[in-house]
1. Which one is surrounded by the fewest Cβ atoms within 10 Å (Cβ to Cβ) among residues in region 161-174 that are in contact with a helix residue (DSSP H, G or I) (Cβ under 8 Å, 6 or more places away or on another chain) and assigned to a loop (DSSP other than H, G, I, E, B)?
2. Before we move on, is Val55 touching a residue at least 40 places away in the same chain (Cβ under 8 Å), of a type outside the set (Gly, Ala, Ser) and either in a loop (DSSP other than H, G, I, E, B) or more than 20 Å from Gly114 (Cβ to Cβ) (or both)?
3. Could you identify the single residue in Lys30, Lys50, Lys42 that is at pLDDT below 90, outside any loop (DSSP other than H, G, I, E, B) and either within 15 Å of the chain's Cα centre (by Cα) or surrounded by 10 or more Cβ atoms within 10 Å (Cβ to Cβ) (or both)?
4. Cβ contacts < 9 Å: first residue more than 23 Å from Leu58 (Cα to Cα) and at pLDDT below 95, restricted to region 94-110; second residue acidic (Asp, Glu) and not in a loop (DSSP other than H, G, I, E, B), any location; separation 6+ or different chain. Result?
5. For the structure I just gave you, tell me whether Ile127 is in a helix (DSSP H, G or I), touching a residue at least 12 places away in the same chain (Cβ under 8 Å) and among the hydrophobic types (A, V, I, L, M, F, W, C).
Amino acid sequence: MPGMICLHGHFYGMFSRGMSLKGGNPSCFKEILEQLWWRLDKALQPEDVKYSALVCLLQAIKCGTTTIVDHHASPNSIKGSLDEIASATLESQIRSVLCYEVTDRNGEEGALEGIKENIRFIKKCLINEPNPLLGTSFGLHAAFTCCDETLTKCRDAMLELPKEVQKKTGFHIHVA
């Protein structure tokens, strides 16, 4: 039987399992983001990023998943965060497509660092150190957290890559 494929996930989300939220239950998606996800991703450090991936990869192996797309965010630990996840996926021998989630919610500097992390990792995976188990895309959070200027910067950064690299990758974004 062929392996399962997970086309979108957040490895660091494993830290939310069993977590209770202070201040009551969220009543809408934006409140879930503000009360849970955005607080959680701001707390992540490089070691957290790697171990959350390892735990999720172990579960994936047990469930027969052989390929995972991970849409990562760690606003206080951006640079090199995709390397931590890549290290875990290579250790587990699970195929992965990794990207960093660019957003304006952490200011212009955070958005620019996210753009740099995506481009750095795309170059690493598709030019400098290709590995058949590692793929990459350019991550964007969502239309409501990325202004037009940031989206334009992301497009422009991608267009600066060689054409053969552009053909092997794309953008990964939450659409709803």
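1. Initially, region 161-174 is screened for residues in contact with a helix residue (DSSP H, G or I) (Cβ under 8 Å, 6 or more places away or on another chain), giving 161-162, 165-166, 168-169, 171, 173.
Then drop every residue that is not assigned to a loop (DSSP other than H, G, I, E, B), which leaves 161-162, 168-169.
On the way: Leu161: 18, Pro162: 11, Lys168: 16, Thr169: 20.
Result: Pro162.
2. Yes, satisfied.
3. Lys30
4. Sorted first by the residue in region 94-110, then by its partner, the pairs are Asn106/Glu113.
5. Here the answer is yes, as Ile127 does meet what is asked.
Residue-by-condition table, conditions (1) of a type in the set (A, V, I, L, M, F, W, C); (2) crowded, with 20+ Cβ neighbours inside 10 Å:
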position	(1), (2)
Val55	yes, no
Thr67	no, no
Ser87	no, no
Glu91	no, no
Arg95	no, no
Cys99	yes, yes
Arg120	no, no
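The values are calculated or read from the model by the stated rules, or taken from the named source; none is laboratory data. As the structure is a computational prediction, the values presented were derived from the model and not from experiment. Heads up, the Cβs are rebuilt from the backbone with ideal geometry, glycines too, and the neighbour counts pull from every protein chain shown.
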